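Please read the structure below before turning to the comments.
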Amino acid sequence: MTVQTKSKQRGISFIGLIFVGGVLAMAGVVAAQVFPTVLEFMAVQKAVQRASAGQSVVEVRSIFDKATEIDAISSITGKDLEVGKQGDKVVVSFAYQREIHLVGPAFLTLKYTGQSK
């Protein structure tokens, strides 16, 4: 029967395991709250791309508002879009931010910007 000394033992302690598990759980909770905002950003990108087919500012905003109803976009409306022209192309740009409450007075602020291609 061999007895191993503490210096030869390897691995993670129970306290270390609890700490790593807690950090992973907190990261998972934050990721679960961030993921829907990323999906919404991708939906906004698609809606802006569709809206850039319009010829006037009113038409662009109308197309975008219809897309927001279909894709359930709540962070931005047609009024928040900046519509301009580069050459003969209509360029639609947007910027908005989302805040995610973490704990107490701490918030995670996500800033999204983009434009049509």
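The number of residues in region 84-100 being part of a strand (DSSP E or B), more than 27 Å from the chain's Cα centre (by Cα) and either crowded, with 16+ Cβ neighbours inside 10 Å or not basic (K, R) (or both) comes to 1.
So that you can scan it fast, the table gives a plain yes or no per residue for (1) on the phi > 0 side of the Ramachandran plot; (2) touching a strand residue (DSSP E or B) at 6+ places or on another chain (Cβ under 8 Å); (3) free of Cβ contacts under 8 Å to residues at least 40 places away in the same chain:
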{"position": "F41", "(1), (2), (3)": "no, yes, no"}
{"position": "Q45", "(1), (2), (3)": "no, yes, no"}
{"position": "V48", "(1), (2), (3)": "no, yes, no"}
{"position": "A51", "(1), (2), (3)": "no, yes, no"}
{"position": "V60", "(1), (2), (3)": "no, yes, yes"}
{"position": "E69", "(1), (2), (3)": "no, no, yes"}
{"position": "G78", "(1), (2), (3)": "no, no, yes"}
{"position": "G87", "(1), (2), (3)": "yes, no, yes"}
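Criterion applied to T113, T109, T68 was being among the hydroxyl-bearing types (S, T, Y), within 19 Å of the chain's Cα centre (by Cα) and in a helix (DSSP H, G or I), and the one residue passing it is T68.
Read the figures in this text as sums done on the coordinates, not as results from a lab. These figures come from a predicted structure and were not determined experimentally. Here the Cβ is made from the backbone with ideal geometry for all residues, glycine too, and neighbour counts use every protein chain on show.
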